[in-house]
1. Would you please name the residue that is modelled with the lowest pLDDT, looking only at residues in the stretch 1-52 that are hydroxyl-bearing (Ser, Thr, Tyr) and out of contact with any Ser or Thr (no Cβ under 6 Å at 6 or more places or on another chain)?
2. Under 7 Å between Cβ atoms, which residue pairs at least 6 apart in sequence (or on different chains) link something in the stretch 40-61 that is within 11 Å of TYR30 (Cβ to Cβ) with a partner that is open to solvent by 70 Å² or more (accessible area, probe 1.4 Å) and modelled with pLDDT under 95?
3. Got at least one residue in the stretch 58-68 being modelled with pLDDT of 90 or more and open to solvent by 100 Å² or more (accessible area, probe 1.4 Å)?
4. From VAL44, VAL59, which residue is in contact with a strand residue (DSSP E or B) (Cβ under 7 Å, 6 or more places away or on another chain) and part of a strand (DSSP E or B)?
Amino acid sequence: MTVILQGKQLGGDADWWRSALIYQVYPRSYQDSNADGIGDLKGVHEKLDYLAWLGVDAVWLSPFFQSPM
């Protein structure tokens, strides 16, 4: 799979992640888009341009759903 973000090609080779800046986000505490006090995916989406401006190449989303265990 090849992903192009901000003019950069990611995933063209198997080791793209070695030189990439990867930012981990826990959505429930990152950005609240509907003012309920809990971050959400829409909030993360709203900040993608800012993360790209910072030079982030990929976003790793931490699990944010309740475990079935």
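1. Pass one, the stretch 1-52, residues hydroxyl-bearing (Ser, Thr, Tyr): 2, 19, 23, 26, 29-30, 33, 50.
Retained after the next criterion (residues that are out of contact with any Ser or Thr (no Cβ under 6 Å at 6 or more places or on another chain)): 2, 19, 23, 29-30, 33, 50.
Details: THR2: 51, SER19: 89, TYR23: 93, SER29: 89, TYR30: 90, SER33: 93, TYR50: 94.
If we take residues in the stretch 1-52 being hydroxyl-bearing (Ser, Thr, Tyr) and out of contact with any Ser or Thr (no Cβ under 6 Å at 6 or more places or on another chain), then THR2 is modelled with the lowest pLDDT.
2. If the second residue must be open to solvent by 70 Å² or more (accessible area, probe 1.4 Å) and modelled with pLDDT under 95, the pairs left are ASP40/ASN34; LEU51/TYR23; VAL59/TYR23.
3. Yes: the stretch 58-68 contains one or more residues that are modelled with pLDDT of 90 or more and open to solvent by 100 Å² or more (accessible area, probe 1.4 Å).
4. Details: VAL44 fails: part of a strand (DSSP E or B).
Matching residue, one of VAL44, VAL59: VAL59.
The values are calculated or read from the model by the stated rules, or taken from the named source; none is laboratory data. The structure displayed is predicted, hence computed values, not measured ones. Glycine gets a Cβ as well: all are built from the backbone with ideal geometry, and neighbour counts include every protein chain shown. Note: areas computed on protein heavy atoms with side chains; ligands, DNA, RNA excluded. Shrake-Rupley method; radii C 1.70, N 1.55, O 1.52, S 1.80 Å.
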